[in-house]
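A.B. asks: Quick one: the structure is below, and I'll ask about it shortly.
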Amino acid sequence: MLKRTIIIFIAGLLLITGAGCSGGSTDKKIDANNVASKTFQVIDKKFPGEWQVSGTTLKKGAYSENTRYQIVDEVSKIYPGSMVSLFVDGQRVSSTIRGRQLSDSGIPKEVAEILKTGQVSMVSGGSIGSKDYQKVYLPLKSAEKTVAVMTISIPQ
């Protein structure tokens, strides 16, 4: 009797474990507003102060991001494997993608749209190799005016 009970118990555990491992999709659903909330919470804690733009220089409080990459690196820690860029006045001023001319790629049409609308947005970021990405666009605001845009390409 004890042997049968143990076998039934182990079989039940295996079924539960198997269902947990294989049941449902492994796709992570991304919600743009959750990404915005989490991202701004981390950035505001690490870099206090308002967003400021002077020419193409982007500042958060006393910290200037251009060529220092601390904000984009901090955001990429939240979303491992992500690619993060900051755009000011039609120019990429910081990116987690190093070793390339920051201003060479121009401004994506979605960035121009976010600068106008000031709304969080998300689109399919396409694929790189075998990884699919979702691209989230976050407006960076000062006094309710969008002064810059952050893009976060999050792997799926």
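Coordinate-derived values only; no laboratory data. Note that the structure is a prediction, hence the values are computed from the model and not measured. Every residue, glycine among them, receives a Cβ derived from its backbone with ideal geometry; neighbour counts consider all protein chains shown.
A.B. asks: Among the chymotrypsin sites (Phe, Trp or Tyr not before Pro) in the range 69-156, which ones are in a DSSP loop with at most 16 other Cβ atoms within 10 Å of the Cβ? Mind listing them?
C.D. replies: Tyr69
A.B. asks: Which ³J(HN,Hα) values, rounded to whole Hz and listed in residue order, are derived for the range 72-79 from phi using the Karplus coefficients 6.51, -1.76 and 1.60 in 6.51 cos²θ - 1.76 cosθ + 1.60 with θ = phi - 60°, glycine and proline given as x?
C.D. replies: 5, 5, 5, 5, 5, 6, 5, 10
A.B. asks: Okay, moving on. From the phi angles alone, apply the Karplus equation (6.51, -1.76, 1.60; θ = phi - 60°) to the range 40-56 and give each ³J(HN,Hα) in whole Hz, x where the residue is Gly or Pro.
C.D. replies: The phi angles translate into 5, 4, 5, 5, 5, 5, 7, 10, x, x, 8, 6, 9, 10, 9, x, 10 Hz.
A.B. asks: What are the ³J(HN,Hα) values, in whole Hz, obtained from phi via the Karplus relation 6.51 cos²θ - 1.76 cosθ + 1.60 with θ = phi - 60°, for each residue of the range 117-124 in sequence order, with x given for Gly and Pro?
C.D. replies: For the range 117-124, the Karplus curve yields 7, x, 10, 5, 9, 9, 9, 5 Hz.
A.B. asks: Once you have a ≥ b ≥ c as the square roots of the Cα gyration tensor eigenvalues for the range 27-155, tell me rounded if a/c is under 1.5, and otherwise prolate or oblate according to whether a/b is larger than b/c.
C.D. replies: Since a/c stays below 1.5, the shape of the range 27-155 is classed as rounded.
A.B. asks: Could the peptides 145-154, 30-39 be put in order, highest first, of the mean number of other beta-carbon atoms found within 10 Å of their residues?
C.D. replies: Ranking the peptides 145-154, 30-39 by packing returns 145-154, 30-39.
A.B. asks: With the crude spin-label approximation of a point 7 Å out along Cα→Cβ, what separation in nm comes out for Gln91 versus Glu74?
C.D. replies: With each label point 7 Å from Cα toward Cβ, the separation is 2.3 nm.
A.B. asks: Still on this model: Would you mind pulling out the separation of the Cα centroids of the range 35-91 and the range 106-150, in Å?
C.D. replies: Between the Cα centre of the range 35-91 and that of the range 106-150, the gap is 13 Å.
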